[in-house]
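This report refers to the structure that appears directly beneath it.
The values are calculated or read from the model by the stated rules, or taken from the named source; none is laboratory data. What you are looking at is a predicted structure, and each value in this text was computed from that prediction instead of being measured. Methodologically, a virtual Cβ is constructed for each residue, glycine included, from the backbone with ideal geometry; neighbour enumeration extends over all protein chains shown. Ligands, DNA and RNA are excluded from the accessible area calculation, which covers all protein heavy atoms including side chains. Shrake-Rupley method; radii C 1.70, N 1.55, O 1.52, S 1.80 Å.
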Amino acid sequence: MLRKFYPWARAESVFTIDYEKLYERGFRGLMFDIDNTLVHHGDDATPEVEELFRALRRMGFRTLLLTNNSRERVERFVRNIDTLYLCEAGKPGPEGYLKAAGLLGLEREELVCIGDQIFTDILGANRSGMASVLVRFIRLDREKKLGKRRRLEQVVLWFYQRSPAFRNRLGEIEIERGGGMPQRKRKLFCEMNPLFYAISEQKGIIRRNWKDMREREPFAVERREDRLPNLVSEQSSVLIKRAKGIDLRLQENKAVNIRLACSAIHGMVVRPGEVFSFWRTVGKTTRRKGYRDGRILREGRLGPGIGGGLCNLSNTIHWLVLHSPLEVVEFHSHSDALAPDHGERVPFSSGTSVSYNYIDYRFRNNTDQNVQLLVWCDEEKLYGELRSERAFPQRFELVEEDHHFHQEDGKYYRISQIYKVALDWETGETVDKQLVLDNHSEVMFDYELIPKELIR
């Protein structure tokens, strides 16, 4: 079960892994468990762990802590570590792993999950289509007894170590099948042909509906014509992009699709505790409803698809929410370098992915007052506003640092770090600064249009 599609390897500890070899083979993201992987259960980060993360960033890796621990525990651990983290991840369920991939802005094939438990860290990575490394769990001398799960893991490892297909080289990672990133033994069901892709898509929709029914989230449903009085944030963007290599017909169709979706969202009120869901609000995009073929990104390739272009709208909403105290509970990213920038570079001007209904965009109103979403279009622009009943004590800004383009293996990537900064309304002092995206997006437009001064 554990090795059905994706390989896993073993190492003595996180400090003996050959990270340079992983980078050479194309991996760009590392997701770490905390307890008994980086430190003993419940301990704070050590100077050695803090230096490890600094070294990994210098090497070019993006890092994330993926843990079932509480936020309080993780925030104490990362006080001196510059890394993303995802708490209460629900391992070994794949949802947390896929959300983490979105936060890192990387494909599953570029990620390695590192942990100490086969039936949690490694199983979850495998179920999510990611390579993984099992490290020996950190055990104190006074701990004489092993739990039942640890004993079962030892049995599993005993059999694996005696299998010709399994390799255990402590201190060195050897991803099976050698050379480059790991390849699946066979294609996934959804990759075999268009019919199987459609079947898999329906499976994803059914699973999403079942999950929503089981969890019983309070979703926002009310829309009002009158606007709430306080403007929290506002945004506008070009509706139709015109540049070399961009299909104008698909851009015009995208504008039609966005206008239809805006009509379903405009005026939506999200009460305290409620969750806004993009797809529960917009519904399925069909030709019968008037949706057209717009540009979509699927399996790393741009092409036409019904309802294409709605990622622009979800991205506008994400931008509004990031400029507020609201909590993003589901976010998926794709390349934010689909087209050249027009004018001044705006962080999160694109890159939020949605696909009915299993790739959703959701946020929760974790404040004590109602908020309202307003989205509309004119001939050339898409507009968005987030409103509330009264002003919040803080305002928020997005700050992009170290923005540039870099060539890797013949392809260009947009590189940057995007932070959400909270400022006190009265004093203007910085209250908090959080890394929301370690950006590493493949450029999908003509390389000749990349500003030469930004290439490093």
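Looking across region 236-279, just one residue is among the basic types (Lys, Arg) and open to solvent by less than 30 Å² (accessible area, probe 1.4 Å), and that is Lys254.
Among the numbered conditions (1) in a loop (DSSP other than H, G, I, E, B); (2) crowded, with 18+ Cβ neighbours inside 10 Å, the only one that Gly428 does not meet is (2). Considering (1) open to solvent by less than 30 Å² (accessible area, probe 1.4 Å); (2) assigned to a strand (DSSP E or B); (3) polar (S, T, N, Q); (4) out of contact with any helix residue (DSSP H, G or I) (no Cβ under 7 Å at 6 or more places or on another chain), the lone condition that Ser233 does not fulfil carries the number (4).
Please work out if Arg345 is among the basic types (Lys, Arg), under 27 Å from Ser263 (Cα atoms) and in a loop (DSSP other than H, G, I, E, B). No; evaluated as a whole, the condition is false for this residue. Residues in region 66-118 that are part of a helix (DSSP H, G or I) and either open to solvent by less than 50 Å² (accessible area, probe 1.4 Å) or out of contact with any Gly (no Cβ under 7 Å at 6 or more places or on another chain) (or both): 21 in all.
Residue-by-condition table, conditions (1) part of a strand (DSSP E or B); (2) open to solvent by 30 Å² or more (accessible area, probe 1.4 Å):
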position: Asn366; (1), (2): no, yes
position: Gln369; (1), (2): no, no
position: Glu385; (1), (2): yes, no
position: Val399; (1), (2): yes, yes
position: Ile415; (1), (2): yes, no
position: Gln434; (1), (2): yes, yes
position: Glu453; (1), (2): no, yes
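Listed by first and then second residue, the pairs with beta-carbon distance under 6 Å, at least 6 apart or on different chains, first residue in region 379-399 and of a type in the set (Gly, Ala, Ser), second outside any strand (DSSP E or B), are Gly384/Thr316; Gly384/Leu320; Ser388/Leu228; Ser388/Gln369.
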